[in-house]
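Heads up, the thing below is written out as structure tokens.
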Amino acid sequence: MRTMTRSFALTAGVAVAAALVLPAQAAIPASRPSAAPHATVTTDNETPVLFDDEAGGNASGDDPAIWVNSKNSHNSLVLATAKEGGLRVYDMKGGELQSLAATAFPAAGRFNNVDIAYGLKVGSRRVDVAAVSDRYNDTVRFFAIDPAGATAATPLREITAEGYKWLFVTSQSELEDEHTAYGLAVYQPTRGKDKGKTFVVVTREGNTTLAVAQVLPKADGTVALGSPRLITMPRTFTLPDGSSWYPCEEPGVDPQFEGVTVDQRTGTLYAAQEDVGLWRIELEKRSATPVLIDKVKDFGVTDVFDADEEECVVAGPDKGFGGKYIEADAEGVDIWYGPGANGYVVLSSQGDDTFVVYDRKGKNKVVGTFSVAGIKGADDINGSDGLAITNRPVGRFRQGLVVTHDEPETWAGMTEAEVDRDPTNFSYVSWGEVAKELKLKSHGKAGTKAGNDPRFR
């Protein structure tokens, strides 16, 4: 038996050693719990298709974020990364308003994930800012959002400060390996010594390291990134039978994280380790042991990498240590904020085209799952990567909105040549329909109040 010991550096900057063993009493029990309810909801609202080829500008959709316009919710925005294709800006009907190239900084960029920081003091004014992870430059880029939102001629403009720093790598050769900035979430503490500050939590591709770095607005109207504090998460796990398990990956690659979100009220980080499951990390505590709150179905199953086929193949039995709901990869994750401590954490289960809904309180019990069917010309959601949720009324979605990545995007009469272009896009789903079909507590009008998410006070 091998026990992995990891060092955790939290926002407070204090490192603690924690033996990350999955204790027998916390493992999946011999009789798994009964299934949570499942529902199918619908979407009839999707963004234009993106194509990942030269003709399409190598645009591959990945991760969305919802910007809420506090003055007129109908002028809110959806921002979405398109990797080498840059960043897209959409209105509440899914129409494209702006396309921003992944410009050189200093090398041409690759935009992976995006999130929103509200009310930053940039120069002499308060500005809402989009933070975007740039894989090719191992950094975070920043874009000011015009308060007019969807009616602005140019909703976004870049305000990244010059003289950027690498987040993870230490050399140009390491940068070229692309084990760099990947998933991203914004964190704006509402209490404690960090109240009023803004941070980003960034994951690293092909690695188990997370970075927490302060966002630093400057007097000249630009935004810089502070030096990161690192959190090293486990790559090997001790199973309840005493054996040691390592998720199968390509040679030189560790079981990475991508989807991350932070509960702005409690400072709780939810982080999806793609081939492992969903973690909960208390960022505001000076010492904390992360908790694996749910596991992928094949957790603990021994696979080996087949170099000829360039894929992992099963080499051992399923001993029943896995979870019930996540079909790897565990991907995008976000929070629907209800009144007080109420609400839900939603995770994309990419392998079976579903979404898992957890209670925001307590031990994050699974309360349901859902899938998304397309209607009125929209297609079903497949292979979702990133997702975003708001409890606020935006556009015609008066009980909140879910925006999710869809890959592949499909349509009637699709040709083989179009399939080969790797089409993707994003779909809009009413949170009210999710809550109704799963019989979740929507809390009526109280569920859509601005103060539920403390960023909107």
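We did not get these values from a lab; they are worked out from the coordinates using the rules stated. For clarity, every value in this text was computed on a predicted model and none was experimentally measured. All Cβ positions, glycine included, derive from the backbone under ideal geometry; neighbour counts span all protein chains shown.
By the beta-carbon count within 10 Å of each Cβ, the least crowded to most crowded order of 303, 334, fewest first, is 303, 334. Legend: ranking of residues 215, 253 from fewest to most surrounding C-beta atoms inside 10 Å; resulting order 253, 215. Our summary gives the chain a relative contact order of 17 percent, counting only alpha carbon pairs under 8 angstrom and 6 or more residues apart. Note on the chain: helix-only mean residue ellipticity at 222 nm, from DSSP H runs of 4+ residues weighted -39500 (n - 2.57) and normalised by residue number, equals -1000 deg cm²/dmol. Ranked by the mean number of other Cβ atoms within 10 Å of their residues, highest first, the peptides 227-236, 137-146 come out as 137-146, 227-236.
Across the options 269, 207, 171, the greatest Cα extent toward the positive end of the charge dipole of the chain (unit charges at beta carbon of Lys, Arg, Asp, Glu) belongs to 269. Computed over the alpha carbons of region 5-452, Rg followed by Dmax gives 20.7, 61 Å. Two numbers describe the Cα atoms of region 103-162: Rg and Dmax, which are 12.0, 33 Å. Each of 134, 241 was scored by other Cβ atoms within 10 Å of its Cβ. Listed from fewest to most, they are 241, 134.
Charge dipole (Cα centre; +1 on Lys/Arg Cβ, -1 on Asp/Glu Cβ; no other charges) of the chain amounts to roughly 3880 debye. Residue 47 sits among other residues whose Cβ lies under 11 Å from its own Cβ, and their net charge, with Lys and Arg +1 and Asp and Glu -1, is -3. Bridgeable lysines around residue 441 (alpha carbons under 26 Å apart, same-chain partners fewer than 8 residues away excluded): 295, 324, 361, 363, 365, 449. Between the residues 37, 378, 454, the greatest Cα displacement towards the positive end of the dipole of the chain, with unit charges on the Cβ of Lys, Arg, Asp and Glu, is found for 454. For the peptides 277-283, 69-75, the ranking by packing is 277-283, 69-75, with the highest mean count of neighbouring Cβ atoms within 10 Å listed first. Given a cut-off of 23 Å, what percent of all Cα-Cα pairs of region 204-335 lie beyond it? More than 23 Å apart: 40 percent of the Cα pairs in region 204-335.
Region 142-210 and region 362-416 have their alpha-carbon centroids 25 Å apart. In region 278-405, a dipole from Cβ-located charges (positive for Lys and Arg, negative for Asp and Glu) runs towards its positive end, and of 393, 368, 325 it is 393 whose Cα lies farthest in that direction. For residue 77, the shell of other residues with beta-carbons less than 12 Å away shows a net charge of -2, using +1 for Lys and Arg and -1 for Asp and Glu.
Straightening the chain between residue 246 and residue 305 buys 20.1 nm, computed as 0.36 nm per residue apart minus the Cα-Cα spacing.
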